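Colleague: Please find one structure pasted underneath; my questions will follow.
The values are calculated or read from the model by the stated rules, or taken from the named source; none is laboratory data. Since the structure is predicted, the reported quantities are computational estimates derived from the model, not experimental observations. Methodologically, a virtual Cβ is constructed for each residue, glycine included, from the backbone with ideal geometry; neighbour enumeration extends over all protein chains shown.
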Amino acid sequence: MSRSLFIVGEIGGVEYIMGFASQKTIDQMKLWVPYIVAVISSAVNDLINLGATTLIVPGNYAIGCAPSYMTQFRSNNTADYDMLTGCLKSLNEFSVYHNTMLMKELVKLRLLHPLANIIYADYYGAQSQLYLNKLDFPAPLYACCGGPGPYNVSATISCGAQGSQSCPNPENYVSWDGVHLTEAANHAIANGILYGPFAIPPLLVVA
């Protein structure tokens, strides 16, 4: 195990999707964050105790940019949207809240396990860059595969269901189905983690 690289997560995304789908407010969902961070911390601690020495712990994605969330929380108030990315500010602030708590917990884990390499993968930061890159991703806020809706997302017709449609050029999209990312987006995020500034400490330095 000491020669293996462990990726612990991303954890919490599904729980947040289910919580918001059940009409919980952002303030209510914030109460979940300490429990989810505790689960992540416990998993990291257990792996290190079993012999793991290098672990990547990803943060939460920029959920305010996900077409499914943008459809569910669509607003007529332009102030609710980020001027640069077009994403929903309140939901991205929730992601930042989760990530801030997680990073604080990782500081404690590094002190507890000084011989382990615990790397924070900033999925939020790496993903956020994609919404500013209109050359590579000209349709960043729309799902490639889905049903009729403002962001190609439908509450009744999901990707793969009868009546859904998929785009011919998924490389131009960040989101595949409103929730999951496209291969092109995942490739860009992975490059940002491996070679860019979105790993703390830098992954290749640790390796």
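Colleague: Quick check on the range 87-106. Is at least one of its residues part of a strand (DSSP E or B) and either surrounded by 13 or more Cβ atoms within 10 Å (Cβ to Cβ) or at pLDDT below 95 (or both)?
Modeller: The answer is yes; a qualifying residue exists.
Colleague: A further question on this structure: Would a scan of the range 130-141 turn up a residue that is among the aromatic types (Phe, Trp, Tyr), within 22 Å of Ala52 (Cβ to Cβ) and in contact with a strand residue (DSSP E or B) (Cβ under 8 Å, 6 or more places away or on another chain)?
Modeller: Taking the range 130-141 as the starting set, the residues that turn out to be among the aromatic types (Phe, Trp, Tyr) are 131, 137.
With within 22 Å of Ala52 (Cβ to Cβ) added as a condition, the list becomes none.
No: the range 130-141 contains no residue that is among the aromatic types (Phe, Trp, Tyr), within 22 Å of Ala52 (Cβ to Cβ) and in contact with a strand residue (DSSP E or B) (Cβ under 8 Å, 6 or more places away or on another chain).
Colleague: Another question, if that's okay. Any idea which of (1) more than 20 Å from Asp122 (Cα to Cα); (2) in a loop (DSSP other than H, G, I, E, B) is the one Asn60 doesn't satisfy?
Modeller: (1)
Colleague: Let me ask you something else. Against the definition (touching a helix residue (DSSP H, G or I) at 6+ places or on another chain (Cβ under 8 Å), within 24 Å of Ala139 (Cα to Cα), modelled with pLDDT of 95 or more and basic (Lys, Arg)), how does Lys30 come out, yes or no?
Modeller: No, not satisfied.
Colleague: Could you tell me whether any residue of the range 23-44 is touching a strand residue (DSSP E or B) at 6+ places or on another chain (Cβ under 8 Å) and in contact (Cβ under 8 Å) with a residue 24 or more places away in the chain?
Modeller: So far as the range 23-44 goes, yes, one or more of its residues are touching a strand residue (DSSP E or B) at 6+ places or on another chain (Cβ under 8 Å) and in contact (Cβ under 8 Å) with a residue 24 or more places away in the chain.
Colleague: Looking only at the range 157-179, decide whether some residue is within 21 Å of the chain's Cα centre (by Cα) and loosely packed, with under 12 Cβ neighbours inside 10 Å.
Modeller: no
Colleague: Considering each of Pro197, Pro140, Pro150 in turn, give the residue that is surrounded by fewer than 14 Cβ atoms within 10 Å (Cβ to Cβ), at pLDDT below 95 and touching a Lys or Arg at 6+ places or on another chain (Cβ under 8 Å).
Modeller: After ruling out the rest, the residue left standing is Pro150.
Colleague: Could you run through the range 116-129 and say how many residues are modelled with pLDDT of 95 or more and more than 12 Å from the chain's Cα centre (by Cα)?
Modeller: 5
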